[in-house]
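Chemist: I have a structure I would like to understand better, so I am pasting it below and will then ask my questions one at a time.
The values are calculated or read from the model by the stated rules, or taken from the named source; none is laboratory data. Note that the coordinates shown come from a computational prediction; the quantities given were computed from them, not determined experimentally. Note that we place each Cβ from the backbone using ideal geometry, even for glycine, and neighbour counts take in every protein chain shown. Side chains are part of the model used for accessible areas, which takes the heavy atoms of the whole protein and leaves out ligands, DNA and RNA. Shrake-Rupley method; radii C 1.70, N 1.55, O 1.52, S 1.80 Å.
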Amino acid sequence: MICFITSGSHKYAVRELRDVPGMPKIDLMSYNQLLRKKSLPRATYVFTDFDRIDFWTRELAAKAYRCLTANNARALNDPASARTRLPMLKKLQGEGLNSFSVWDAEMDGLPDRYPVFLRTRAAHRGAQTELLTTPEEARSALDELVRSGLCLSDLMFVEYCAEPIEDGLFRKLAAYCVGDEVITGMSVHDENWHAKYGKEGVASEAHYLDEMQAVKENRHAAGIAGHFKAAGISFGRADFTLVKGKVEVYEINTNPNNSLILDHPFPLRVETDALFHQRLAEAMRAIDTETGGDPILMDHPDLVSQRKRDGYLTRPRWTP
């Protein structure tokens with residue numbers, strides 16, 4: 001069994017894995033449920049959604065992770081060391097894995113390279129502005145977002161780093177990390193550089209033939225494995241592109257959507273998606289753990305103390 005730990009309202013993404021043929025048994029648990037458990041059954045545990053939980057929940061989750069690994073259970077994504085978006089992107093740029101820069105709007109001030117756009121550090125909202133080309137535009141956009149109610153501490157500037165694959169067509173690529181395996185995933189095509197969700201009808205059959213070949217040969221696995229390692233993430237989906245032939249990672253989502261493509265104007269794409277999900281299921285079976293044996297005690301003193309403080313409350317009141 002593989003058990004995913006998610007934020008309470010975001011179990012839906014993992015739930016989609018149950019629809020994939022060949023998947024091992026998938027269980028779901030929120031952090032609220034995890035931190036009330038005195039023991040856990042033998043399984044593989046995958047911690048996710050670090051940008052959607054508060055710092056104390058994450059710290060307690062790190063203590064639970066240590067209870068698991070101390071008892072020889074397999075656990076992926078250490079909450080204590082997995083990097084979230086801003087520190088991850090700074091790390092990737094610092095190690096030369098990414099070429100573009102990011103700036104913490106609260107601590108770093110205005111960018112010294114342009115063009116840039118603003119986005120939030122947490123959640124998955126995408127770009128909050130169009131491209132900003134001067135310090136004056138950057139300051140005005142930042143002030144406007146703060147006036148609208150977005151928190152300065154959650155805002156970041158991101159240097160523009162994209163390249164159309166042909167005139168007016170952008171492509172966002174994806175790759176999954178599952179333990180020691182990296183699997184090339186499905187792409188997104190759009191007329192806009194954001195390329196967050198894609199736009200149906202803008203890609204040709206030739207583009208989808210290339211996508212199928214990329215999945216077949218696992219084209220991007222070697223080029224992106226180091227990015228997952230630098231981020232401290234052993235399960236997740238990297239969203240990236242190629243600029244002048246170089247991998248540029250935009251984010252690594254530890255709780256990505258996993259829906260199957262069952263219908264498409266180009267049937268080839270349905271076939272490619274089935275192949276990708278077959279590879280994903282094979283990688284998931286490789287990290288699976290048979291159930292049985294003694295349960296694992298969640299006996300770290302901080303976990304025991306927190307359970308006592310919460311008592312019979314239905315909602316958490318996590319406190320340091």
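Chemist: Roughly speaking, to the nearest percent, how much of segment 1-59's 1.4 Å accessible area is carbon and sulfur?
Modeler: Reported share for carbon and sulfur atoms: 49 percent.
Chemist: Check which residues have an amide H placed less than 5 Å from Leu76's amide H, if you skip close sequence neighbours.
Modeler: Distant-sequence amide H within range of Leu76: Tyr45, Val46, Phe47.
Chemist: Still on this structure: Grab the DSSP H runs of the chain that are 4 residues or longer, score each as -39,500 (n - 2.57), total them, divide by all residues and round the 222 nm result to the nearest 500 deg cm²/dmol.
Modeler: The helix-only estimate for the chain comes to -9500 deg cm²/dmol at 222 nm.
Chemist: Roughly how many debye, to the nearest 20, is the charge dipole of the chain about its Cα centre, given +1 on each Lys and Arg Cβ, -1 on each Asp and Glu Cβ, and no other charges?
Modeler: Around 1560 debye, computed over the chain.
Chemist: So, with a 1.4 angstrom probe, what is the percent of accessible area on segment 130-289 that is carbon and sulfur?
Modeler: Carbon-and-sulfur percentage of accessible area, whole number: 51.
Chemist: Where nothing but the Cβ of Lys and Arg (+1) and of Asp and Glu (-1) is charged, how large is the charge dipole of segment 43-124 around its Cα centre, in debye to the nearest 20?
Modeler: Charge dipole, segment 43-124, about its Cα centre: 260 debye, nearest 20.
Chemist: Just to verify a number: what accessible area does Tyr12 come out at with the full protein assembly present, 1.4 Å probe, Å² rounded to tens?
Modeler: Roughly 100 Å² of Tyr12 is accessible to a 1.4 Å probe.
Chemist: Once phi is turned into θ = phi - 60°, what whole-Hz ³J(HN,Hα) does the Karplus curve with 6.51, -1.76 and 1.60 give for every residue of segment 170-179, x standing for Gly and Pro?
Modeler: My calculation for segment 170-179 gives 10, 9, 9, 9, 8, 8, 9, 10, 10, x Hz in order.
Chemist: Same structure, new question: Can you tell me the accessible area per residue over the chain, all protein chains present, probe 1.4 angstrom, in square angstrom?
Modeler: Per-residue accessible area for the chain comes out at 47 Å².
Chemist: Over segment 166-320, what relative contact order in percent results from Cα pairs under 8 Å that are six or more residues apart?
Modeler: Relative contact order comes out at 21 percent.
Chemist: Hey, can you grab everything whose amide H is under 5 Å from the amide H of Asp27? Only 5+ residues off in sequence or another chain; H modelled, so Pro and N-termini drop out.
Modeler: Here Ile2, Cys3, Phe4 satisfy the definition.
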